Amino acid sequence: MIGKLASWLLIAAGVFNIVIWPRFFKAIVDDDRAWGGTRWQEPTSFFWVHLVLIGTAMTLGVIVLVIGIRALRGQ
């Protein structure tokens with residue numbers, strides 16, 4: 001059983017991840033190190049590593065958010 005305070009903390013952490021990581025993706029797309037040539041034509045390993053990082057963080061953020069909401073609704 002997850003307490004009410006912990007539920008709200010999980011919700012806040014999930015929302016934080018969902019809000020912050022897309023902004024980081026925009027910064028990576030705008031970074032010259034992400035592209036070997038023309039933008040969106042030749043992504044580098046810098047781009048792919050950060051894309052995996054962002055995808056993982058957002059997936060975990062959604063999972064944490066869902067756990068928090070379900071825990072709060074179960075009380």
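Read-outs throughout are calculated quantities, based only on the coordinates presented, and are distinct from any laboratory measurement. Small disclaimer: the values here were computed from a predicted structure and weren't measured. With ideal geometry, Cβ positions are generated from the backbone for all residues, glycine too; neighbour counts draw on all protein chains shown.
Here are a few things to note about the model shown:
- LEU5 being within 25 Å of ILE69 (Cα to Cα), of a type outside the set (Gly, Ala, Ser) and surrounded by fewer than 11 Cβ atoms within 10 Å (Cβ to Cβ): yes
- Residue check, VAL66 in a helix (DSSP H, G or I) and surrounded by fewer than 14 Cβ atoms within 10 Å (Cβ to Cβ): yes
- Subset of the stretch 1-50 [over 23 Å from ARG73 (Cα atoms), among the small types (Gly, Ala, Ser) and either touching an Asp or Glu at 6+ places or on another chain (Cβ under 6 Å) or in a helix (DSSP H, G or I) (or both)]: ALA27, ALA34, GLY36, SER45
- When the stretch 1-40 is limited to residues that are polar (S, T, N, Q) and touching a Leu at 6+ places or on another chain (Cβ under 8 Å), the one that is nearest to ALA57 (Cα to Cα) turns out to be ASN17.
- With respect to the stated conditions, VAL15 fails to be surrounded by 17 or more Cβ atoms within 10 Å (Cβ to Cβ) and β-branched (Val, Ile, Thr).
- Looking only at residues of the stretch 25-61 that are surrounded by 13 or more Cβ atoms within 10 Å (Cβ to Cβ) and of a type in the set (Val, Ile, Thr), we find that the one that is nearest to SER7 (Cα to Cα) is ILE54.
- Failed item in (1) surrounded by fewer than 12 Cβ atoms within 10 Å (Cβ to Cβ); (2) in contact (Cβ under 8 Å) with a residue 60 or more places away in the chain; (3) assigned to a helix (DSSP H, G or I), with GLN75 passing the rest: (3)
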